[in-house]
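Have a look at the structure below before the remarks.
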Amino acid sequence: DTAVSQTPKYLVTQMGNDKSIKCEQNLGHDTMYWYKQDSKKFLKIMFSYNNKELIINETVPNRFSPKSPDKAHLNLHINSLELGDSAVYFCASSQDAWAVLYTGELFFGEGSRLTVL
Amino acid sequence: KQEVTQIPAALSVPEGENLVLNCSFTDSAIYNLQWFRQDPGKGLTSLLLIQSSQREQTSGRLNASLDKSSGRSTLYIAASQPGDSATYLCAVRFGVNYGQNFVFGPGTRLSVLP
């Protein structure tokens with residue numbers, strides 16, 4: 001079974017549309033993350049939730065809205081898509097927000113490649 | 001500004017060679033440094049974690065070193081195999097927090113030729 005799964009894997013859409021990417025982890029972890037990997041391959045954190053509560057909200061446009069219905073799920077909704085939103089979005093999870101500092105155990109999904117035309 | 005760079009951007013070696021990947025970071029006040037592997041179309045897999053008090057970590061054919069004073073880390077891969085072909089990313093935790101200052105480098109794309 002896949003530990004961290006994201007859907008869809010590929011998403012092609014027009015500018016101005018609204019889209020969502022879903023993420024689920026079956027590891028029983030408390031903390032989940034969304035990262036964005038841009039065209040230059042830099043991976044940057046966007047959001048983190050610990051047990052359904054937002055703990056990291058980096059400087060991202062408010063068109064991006066994460067939602068965590070329960071601690072096993074963290075979805076990313078993007079409104080009014082722009083060309084610059086094209087990237088690969090990675091979901092990740094860790095046991096909790098602090099244990100990962102000592103263990104480095106951060107589990108990533110396979111990524112969702114978003115292309116905005 | 002806290003930045004992580006990796007050189008070279010890409011590396012191609014014949015099978016069996018030993019090789020070194022480099023990672024440099026600004027700000028020597030780091031908490032720890034982590035090396036990841038990313039296969040095409042896949043997520044990242046953690047390889048090695050070095051705490052700021054450590055000088056190196058080893059796992060099988062991999063050895064990672066850390067020199068905080070010079071702002072450098074190296075990942076040494078012994079007796080490379082085609083299965084080692086992937087992108088290797090270095091990530092630095094600048095401080096103890098929830099992950100806001102967990103900065104990734106752009107990666108080195110490694111190709112090991114049979």
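The table that follows gives values for the structure above.
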{"quantity": "Those residues of region B:93-114 for which accessible area with every protein chain present is at least 50 Å² below the isolated value (1.4 Å probe)", "calculated": "B:ARG93, B:TYR98, B:GLN100, B:PHE104, B:PRO106"}
{"quantity": "Averaged over A:34-43, number of beta-carbon atoms from partner chains that fall within 10 Å", "calculated": "4"}
{"quantity": "Distance violations [Cα-Cα > 30 Å] among A:LYS41/A:LYS67; A:LYS71/B:LYS1; A:LYS67/B:LYS42; A:LYS52/B:LYS68; A:LYS9/B:LYS68; A:LYS22/B:LYS68", "calculated": "A:LYS71/B:LYS1; A:LYS52/B:LYS68; A:LYS9/B:LYS68; A:LYS22/B:LYS68"}
{"quantity": "Within-12-Å neighbourhood charge of A:SER93 [Cβ basis; K, R +1; D, E -1]", "calculated": "-3"}
{"quantity": "Heavy-atom accessible surface of the protein assembly as shown: percent carbon and sulfur, 1.4 Å", "calculated": "49 percent"}
{"quantity": "Ordering of A:104-117, A:24-37 by burial proxy (mean other Cβ atoms within 10 Å per residue, highest first)", "calculated": "A:24-37, A:104-117"}
{"quantity": "Heavy-atom accessible area per residue - the protein assembly as shown, 1.4 Å, Å²", "calculated": "47 Å²"}
{"quantity": "Relative contact order computed over chain B (Cα-Cα under 8 Å; 6+ residues apart), in percent", "calculated": "37 percent"}
{"quantity": "Summed buried accessible surface, chains A and B, 1.4 Å probe, nearest 100 Å²", "calculated": "2000 Å²"}
{"quantity": "Number of partner chain Cβ atoms within 10 Å, mean per residue of A:60-67", "calculated": "0"}
{"quantity": "Chain A: relative contact order as a whole-number percent, Cα under 8 Å and 6+ apart", "calculated": "36 percent"}
{"quantity": "Residue-averaged [θ]222 nm for the protein assembly as shown, counting only DSSP H segments that reach four residues, each worth -39500 (n - 2.57)", "calculated": "-500 deg cm²/dmol"}
{"quantity": "Ordering of A:58-64, B:34-40, B:68-74 by burial proxy (mean other Cβ atoms within 10 Å per residue, highest first)", "calculated": "B:34-40, B:68-74, A:58-64"}
{"quantity": "Modelled label reach - B:VAL20, point 7 Å along Cα→Cβ, region B:36-66 residues with backbone N closer than 11 Å", "calculated": "B:65"}
{"quantity": "For A:103-111, mean number of other protein chain Cβ atoms within 10 Å", "calculated": "6"}
{"quantity": "Inter-probe distance in nm under a simple model that places probes 7 Å from Cα toward Cβ, at A:GLN95 and A:MET15", "calculated": "4.7 nm"}
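The values are calculated or read from the model by the stated rules, or taken from the named source; none is laboratory data. This one's a predicted model, so the numbers in the text were calculated from it and none came from an experiment. So basically every Cβ, Gly included, is an ideal-geometry build from the backbone, and we count neighbours across all protein chains shown. Ligands, DNA and RNA are excluded from the accessible area calculation, which covers all protein heavy atoms including side chains. Shrake-Rupley method; radii C 1.70, N 1.55, O 1.52, S 1.80 Å.
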